[in-house]
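A.B. asks: Please see the structure below; I have some questions.
The values are calculated or read from the model by the stated rules, or taken from the named source; none is laboratory data. Predicted model, so just to flag it, every value in this text is computed and none were measured. All Cβ positions, glycine included, derive from the backbone under ideal geometry; neighbour counts span all protein chains shown. Surface areas here come from the heavy atoms of the whole protein model, side chains and all, with no ligands, DNA or RNA. Shrake-Rupley method; radii C 1.70, N 1.55, O 1.52, S 1.80 Å.
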Amino acid sequence: AIYAKTSFYYGKLGQRVASDHVDLVDDGSIPGLRGSSNIDDEGTPTQSNVLIEKGVLKGYMHSILSARQLGEKTTGNGRRDSYKHYPLVRMTNTYIMNGKLEPEEIFKETERGLYAKEFWGGVVDTASGNFTFSVREAYLIEKGKVTRPVRGATLIGSGPEALRSIDLVGNNLSYGTGTCGKGQWVPV
């Protein structure tokens with residue numbers, strides 16, 4: 001999408017694209033995680049790739065083809081569903097790095113909100129950054145406290161706007177399970 005100039009993040013390297021609190025990493029080398037492997041499906045070693053650092057776009061994920069097209073280094077993100085499919089640029093284990101706050105401190109700072117504890121599935125439009133995610137487990141946050149469960153919640157919004165709006169990050173990094181689509185299904 002970067003090469004085709006259809007990504008929202010095309011031409012934004014070195015620019016602020018998120019809050020100062022956001023350090024976003026894609027790392028396919030973390031042992032034992034669903035999106036990890038020693039090499040991607042093109043034989044490139046996986047690695048830790050800093051995508052956003054303190055809110056500034058630092059890099060993109062690449063396959064051999066995209067790296068060659070853009071004059072960049074490969075990042076170990078050429079992945080495919082099976083030998084029957086061609087590799088596409090895909091995430092491995094993508095996450096926002098740990099912040100400094102306990103989750104309870106974040107709840108205390110939230111007058112009214114939704115604690116989306118676990119997601120079920122979703123889709124992102126790479127051209128606009130708009131997303132839709134189903135929430136599997138969620139709770140209301142009211143006056144600084146997690147209160148009652150919420151059923152059937154769906155998050156709809158703009159990814160770039162959401163990244164710019166992050167004002168607190170917890171210290172409770174954990175990894176969930178997911179699948180990257182694009183017409184093929186790869187674990188992330």
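A.B. asks: Could you tally up the Lys pairs in the stretch 54-125 with alpha carbons closer than 19 Å? Skip any pair fewer than 8 positions apart unless they're on separate chains. Present the calculation step by step, with values, prior to reporting the outcome.
C.D. replies: Numbers: Lys54/Lys100; Lys58/Lys73; Lys100/Lys108; Lys100/Lys117; Lys108/Lys117.
For the stretch 54-125, qualifying lysine pairs total 5.
A.B. asks: With a cap of 10 neighbouring Cβ atoms within 10 Å, and only residues DSSP puts in a loop, list the chymotrypsin sites (Phe, Trp or Tyr not before Pro) found in the stretch 1-104.
C.D. replies: Values: sites: Tyr3, Phe8, Tyr9, Tyr10, Tyr60, Tyr83, Tyr95; in loops: Tyr3, Phe8, Tyr9, Tyr10, Tyr60, Tyr83.
In loop regions of the stretch 1-104 (DSSP not H, G, I, E or B), the sparsely surrounded chymotrypsin sites (Phe, Trp or Tyr not before Pro) are Tyr83.
A.B. asks: Right, here's the next one. Quick one: grab the alpha carbon gyration tensor of the stretch 103-154, order the square roots of its eigenvalues as a ≥ b ≥ c, and give me rounded if a/c is under 1.5, else prolate or oblate depending on whether a/b is larger than b/c. Can you show the working numbers first?
C.D. replies: Numbers: a/c = 3.00, a/b = 1.82, b/c = 1.65.
Here the stretch 103-154 falls in the prolate category.
A.B. asks: For the chain, with every protein chain kept in place, what is the accessible area per residue (1.4 Å probe, Å²)? Could the numbers behind the result be given before it?
C.D. replies: Values: 11620 Å² over 188 residues.
In whole numbers, the chain has 62 Å² accessible per residue.
A.B. asks: A follow-up question, please. So what's the projected area for the stretch 53-139, the Cα convex hull averaged over all directions, in nm²? Kindly include the intermediate steps, with their values, before the conclusion.
C.D. replies: Numbers: hull surface 34.3 nm².
Over every viewing direction, the Cα hull of the stretch 53-139 projects on average to 8.6 nm².
A.B. asks: Turning to a different aspect of this structure: Viscosity 0.692 mPa s, temperature 37 °C: Stokes-Einstein D of the chain from its Kirkwood Cα radius, in µm² per second? Don't skip to the answer; put the middle values down first.
C.D. replies: Working: Rh = 17.7 Å.
Answer from the Stokes-Einstein relation: 185 µm²/s.
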